[in-house]
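Asker: Before we start, here is the structure in question, set down as structure tokens.
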Amino acid sequence: MADRTINISFDSEGFRLNGVLHLPAHKTPPVVVGSHGLASNGDSPKQIDLAKACNRMGIAYFRFHHRGCGSSEGYFPEVTSLENRKRDLIDAVNAILSRGDTSDRLALFGSSMGGTTCIFASDDVTALGYVLVAAPIYGKSLTKAPERNEDEPQLDEAFYRRFLAFDVSAHLTRLKNILIFHGDTDDIVPVESGKIIYQQAKNPKKLIIQKNGDHRISDPVHQKEFIREASMWFKNCLFPK
């Protein structure tokens with residue numbers, strides 16, 4: 001039995017969302033579900049590399065496109081909100097756990113606004129662990145609008161004022177088994193956000209501040225550190241000793 005990938009579609013409030021389930025060569029493995037950043041999608045190299053590393057650990061990984069992103073349904077400016085992202089993530093988890101390909105042992109991964117989504121959904125999803133990258137907890141803390149892909153529609157200031165009016169700090173004390181990455185030169189989400197998450201979360205927890213690291217973890221050395229540490233964290237959460 002070899003590792004394999006399955007294209008999966010599921011419904012979230014009337015929108016058809018698409019994703020890819022990476023299955024390792026193990027029967028009913030635990031699973032990680034990933035939530036991408038505001039202007040990204042489930043095909044980001046970061047998630048694909050993490051999915052492959054998780055498979056090597058015997059862990060399944062599901063990466064999907066939030067509504068309005070990638071190949072999922074919806075017009076980005078009209079369907080994008082933190083509340084909708086939370087609903088997408090909850091429905092993604094339910095869709096995967098209902099299939100029977102995996103066990104019910106679940107962890108979450110979130111990058112940038114995907115990390116915020118994981119925090120916001122923590123009351124509604126029973127996760128055994130988390131890995132978050134550069135997750136903002138206050139919308140007002142962002143130093144500039146997140147970068148957009150070239151094929152995305154032009155977004156006006158009103159969109160960002162509406163979307164970025166969030167505060168998920170009240171959810172932080174419910175988090176545990178959490179690994180946090182943040183670059184100390186991140187020019188979109190201040191590194192203080194990662195420090196606050198670490199301070200408020202419960203043990204076990206770990207904060208990795210990458211020296212001269214940016215928002216996207218573009219340094220190859222930082223990328224390798226991220227994949228190594230994140231996949232091992234998930235292994236320890238999902239395969240307790």
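Asker: Identify all residues within the stretch 201-218 that are surrounded by 17 or more Cβ atoms within 10 Å (Cβ to Cβ) and either out of contact with any strand residue (DSSP E or B) (no Cβ under 6 Å at 6 or more places or on another chain) or among the β-branched types (Val, Ile, Thr) (or both); write none if there are none.
Answerer: If the condition is that a residue be surrounded by 17 or more Cβ atoms within 10 Å (Cβ to Cβ) and either out of contact with any strand residue (DSSP E or B) (no Cβ under 6 Å at 6 or more places or on another chain) or among the β-branched types (Val, Ile, Thr) (or both), then Ile208, His215, Arg216, Ile217 are the ones that fit.
Asker: Step by step: first the residues of the stretch 97-142, then only those that are in a loop (DSSP other than H, G, I, E, B), in contact with a strand residue (DSSP E or B) (Cβ under 9 Å, 6 or more places away or on another chain) and charged (D, E, K, R), then the one that is surrounded by the most Cβ atoms within 10 Å (Cβ to Cβ). Which residue is that?
Answerer: Among those residues, the one meeting the criterion is Arg105.
Asker: Could you please find all residues in the stretch 1-29 being in a strand (DSSP E or B), more than 19 Å from Asn41 (Cβ to Cβ) and over 19 Å from the mean Cα position of the chain (by Cα)? Show your work before the answer.
Answerer: So the first thing to find is which residues in the stretch 1-29 are in a strand (DSSP E or B), and the list is 4-12, 15-23.
Retained after the next criterion (residues that are more than 19 Å from Asn41 (Cβ to Cβ)): 4, 23.
Arg4 - this is the single residue of the stretch 1-29 that is in a strand (DSSP E or B), more than 19 Å from Asn41 (Cβ to Cβ) and over 19 Å from the mean Cα position of the chain (by Cα).
Results for (1) in contact with a helix residue (DSSP H, G or I) (Cβ under 7 Å, 6 or more places away or on another chain); (2) modelled with pLDDT of 95 or more; (3) aromatic (Phe, Trp, Tyr); (4) under 20 Å from Leu238 (Cβ atoms), shown as yes or no for each residue.
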{"position": "Leu106", "(1), (2), (3), (4)": "yes, yes, no, yes"}
{"position": "Ser111", "(1), (2), (3), (4)": "yes, yes, no, yes"}
{"position": "Ala127", "(1), (2), (3), (4)": "no, yes, no, yes"}
{"position": "Val131", "(1), (2), (3), (4)": "yes, yes, no, yes"}
{"position": "Ser141", "(1), (2), (3), (4)": "yes, no, no, no"}
{"position": "Asn149", "(1), (2), (3), (4)": "no, no, no, no"}
{"position": "Glu152", "(1), (2), (3), (4)": "yes, no, no, no"}
{"position": "Leu155", "(1), (2), (3), (4)": "yes, no, no, no"}
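Asker: List pairs: first residue in the stretch 156-172 and free of Cβ contacts under 8 Å to residues at least 40 places away in the same chain, second residue basic (Lys, Arg) anywhere in the structure, Cβ distance under 9 angstrom, at least six positions apart or on different chains.
Answerer: Here the result reads Leu164/Lys140; Ala165/Lys140; Asp167/Lys140, each pair linking the stretch 156-172 to a residue that is basic (Lys, Arg).
Asker: Just to be sure, is Ser98 without any contact (Cβ under 8 Å) to a residue 24 or more places away in the chain and of a type in the set (Ser, Thr, Tyr)?
Answerer: Numbers: without any contact (Cβ under 8 Å) to a residue 24 or more places away in the chain: yes; of a type in the set (Ser, Thr, Tyr): yes.
The answer is yes for Ser98.
Asker: In this structure, does Val221 turn out to be surrounded by fewer than 13 Cβ atoms within 10 Å (Cβ to Cβ) and on the phi < 0 side of the Ramachandran plot? Spell out how you get there, then give the answer.
Answerer: Values: surrounded by fewer than 13 Cβ atoms within 10 Å (Cβ to Cβ): yes; on the phi < 0 side of the Ramachandran plot: yes.
Considered against the rule, which asks whether it is surrounded by fewer than 13 Cβ atoms within 10 Å (Cβ to Cβ) and on the phi < 0 side of the Ramachandran plot, Val221 comes out as yes.
Asker: Name the residues in the stretch 54-96 that are basic (Lys, Arg) and either more than 14 Å from the chain's Cα centre (by Cα) or assigned to a helix (DSSP H, G or I) (or both), would you?
Answerer: Selection gives Arg56, Arg67, Arg85, Lys86, Arg87.
Asker: Looking only at the stretch 1-40, count how many residues are surrounded by fewer than 22 Cβ atoms within 10 Å (Cβ to Cβ), in contact (Cβ under 8 Å) with a residue 60 or more places away in the chain and over 17 Å from Phe234 (Cα atoms).
Answerer: Summing the residues that are surrounded by fewer than 22 Cβ atoms within 10 Å (Cβ to Cβ), in contact (Cβ under 8 Å) with a residue 60 or more places away in the chain and over 17 Å from Phe234 (Cα atoms) in the stretch 1-40 gives 7.
The values are calculated or read from the model by the stated rules, or taken from the named source; none is laboratory data. This one's a predicted model, so the numbers in the text were calculated from it and none came from an experiment. All Cβ positions, glycine included, derive from the backbone under ideal geometry; neighbour counts span all protein chains shown.
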